[in-house]
Every structure is written in C-alpha cells, then in structure tokens.
Amino acid sequence: MPEPLLPEPLMSEPLMSEPLTGGCLCGEIRYAVDVAVEWLAACYCTDCQRRTSAAGSINAVVPASAFRITRGETRVFTKQADSGNALHRHFCGTCGSWIYNPMGGDATQVVLKAGTFDSHDGMRIALNLWTSRRPAWAPLDSTLPCHEKNIVQTRQD
Ligand SMILES: [Zn+2]
Ligand SMILES: [Zn+2]
C-alpha cells in the first residue's frame, strides 16, 4: 500500500451544507465542490509565482469526483512541474483566472485555487510548500509546518 500523498489535515470531510461555489474574475467559468473545504496549502514555488503574479498560490485539495464545472469551459496550459509530472493548469480563456489543476501524479485529486472561492468561511492554511522559493518580500507564517519543496516530490525522493 503506498502512503497517501496528502497529510491528514488536507483530506476532505463529508459535506454538511450547500456545495462550495466559485468562479473566475469575468464570470464565464463557474464551478461547485461537493465536499467541505477547511484546510488550505500555501505554495511559494516559482511556477505559482509566475502564474499568479504574486507570492504563490493558496490551494485546496479535493477529490476530482467532488468537483464539477457548472458553467463555461476552461483552457489548459501544461508545463512540467519540478516533480517531473506534467501539470495541466485550467484557467479562464477570457480573463485568465487560474481555477484548478489535476494533482500531478494523482489525477483522482484536484487542486483548486482558493482565491476563486465565493466564500472562505471556516478555511485556514494548514501548511506551507516550496518555502525555499518564497520571495523575500512575502510574509510567511512559520508557526505552520513548512516544507522546502513539495510534499509529493519529497516523498518520491
Ligand atoms: Zn473569466
Ligand atoms: Zn506552486
């Protein structure tokens, strides 16, 4: 049995309320998530920096089976991650908002970009990834578990 790729806090909980919804900046892409999202991972890798033009990205990991696009069709940009996995980044072709990517190396999981959520109630960041790449000007909550690289990659090393 291979070890699960995700730490316990990032595993999804059964949904107790309405689906979580979200979408892109222009509204062409809308989606719904049928599991509760509580824990987020901050990623400071350089690919996320370029993709967001910010310090990195804040991410929720949910089962692909619990995620559905409810309006529009995403475009896809694929680039190999440092892990060697091809990462398919889905975004809005009109406004450019990055919505999600299937998790590299585990297509049963989807990595959602938390900035596209309609609501952020009850969510908090559980851990920091790729802190070795964090821009010097970006604040970091060092009381959280910090990983110099990705957890997935570290486990494959
Ligand atoms: Zn859009
Ligand atoms: Zn990243």
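Taken together, the values in this text are just the output of simple stated rules run on the coordinates, not laboratory data. From a predicted model like this one, the values you see are computed outputs, not experimental measurements. Cβ atoms come from the backbone with ideal geometry, glycine included; neighbour counts cover every protein chain shown.
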Exercise for the section: Starting from 0 in steps of 10 Å, tell me what percent of the Cα-Cα pairs of the chain lands in each bin. Expected result: 10, 42, 38, 10, 0
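For the stretch 16-100, which GluC sites (Glu not before Pro) pass both filters: DSSP loop (anything but H, G, I, E, B) and at most 13 other C-beta atoms within 10 Å?
Counting only loop positions with at most 13 other Cβ atoms within 10 Å, the GluC sites (Glu not before Pro) in the stretch 16-100 are E73.
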Handout entry: Positive dipole terminus of the chain, leading residue within P145, W130, V62 (C-beta point charges)
Key = W130
Practice task
Under 12 Å from the Cβ of D47, count the other residues' Cβ atoms, weight Lys and Arg +1, Asp and Glu -1, and hand me the total.
Solution key: +4
Handout entry: Sum of -39500 (n - 2.57) over DSSP H runs of 4+, divided by residues of the chain (222 nm, nearest 500)
Key = -2000 deg cm²/dmol
Handout entry: Rounded to the nearest 20 debye, dipole of the chain from Cβ charges on Lys, Arg, Asp, Glu
Key = 620 debye
